[in-house]
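See below for the structure under consideration.
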Amino acid sequence: MDVVCPKCGSTKVMQIDYGGKLEMGVDISQNSAFKCKACKQKFGTVCGKSEYSSIVKSFYLSINGVYANKDVIALKITAGDNVIKYKISSEKLGLDKKGAVSADYWKSFCFSLFNELYLTGWKSNFYNPELLDGTTWTLDVTLEKKHALSYRGCNGYPPYWNRLLSLLSPIFDETGINSTIFTV
Ligand SMILES: [Zn+2]
């Protein structure tokens, strides 16, 4: 999978090896740390490989579109002790559904969020000032010990936006939502 900078989207990303040296064109299938040559941000694995799912307590994504072909949607996934529930609603689609996802799905979803989408390296605000009217979105992830990650956008999207949507595709598919209307 190609790594792009989670902040600016540049593909000029270098891997930082264990000696702190930067190398380009190395095998990036291994999780480690990277540096973006364009914006200088460092990003990578945040806290060891295992059990990301145990630190994520909830995930909330809402997309609020005013374009005619875009719909307002809100998805919340809540991880309880034994069951991971989701609730998805769309006023425009007249949709209000609840369901559950498997522990395996949740485990790989959480892992991908931090190791393939580099969530902690996202900007908190993706705002495109050239358009006043359009799609806004909100992403809130709560972690254990009341830590929270929050991201907002208005006509601007993180470089990993489409990958985020595809991570969620099992839920969209199950609830009959065509998520391609949200891709950018
Ligand atoms: Zn960058």
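Bear in mind that the values in this text are calculations on the coordinates, not laboratory data. Since the structure is predicted, the reported quantities are computational estimates derived from the model, not experimental observations. With ideal geometry, Cβ positions are generated from the backbone for all residues, glycine too; neighbour counts draw on all protein chains shown.
Excluding same-chain neighbours fewer than eight residues apart, the lysines reachable from residue 40 by a Cα-Cα span under 19 Å are 7, 12, 21, 123. Extending 7 Å from Cα along the Cβ direction at residue 140 and again at residue 173 yields two label points whose distance is 3.0 nm.
Model label sites at residue 180 and residue 98, defined 7 Å from Cα along the beta-carbon direction, differ in position by 3.2 nm.
Here the gap between residue 152 and residue 76, fully extended at 0.36 nm per residue and compared with their Cα-Cα distance, gives a gain of 25.8 nm.
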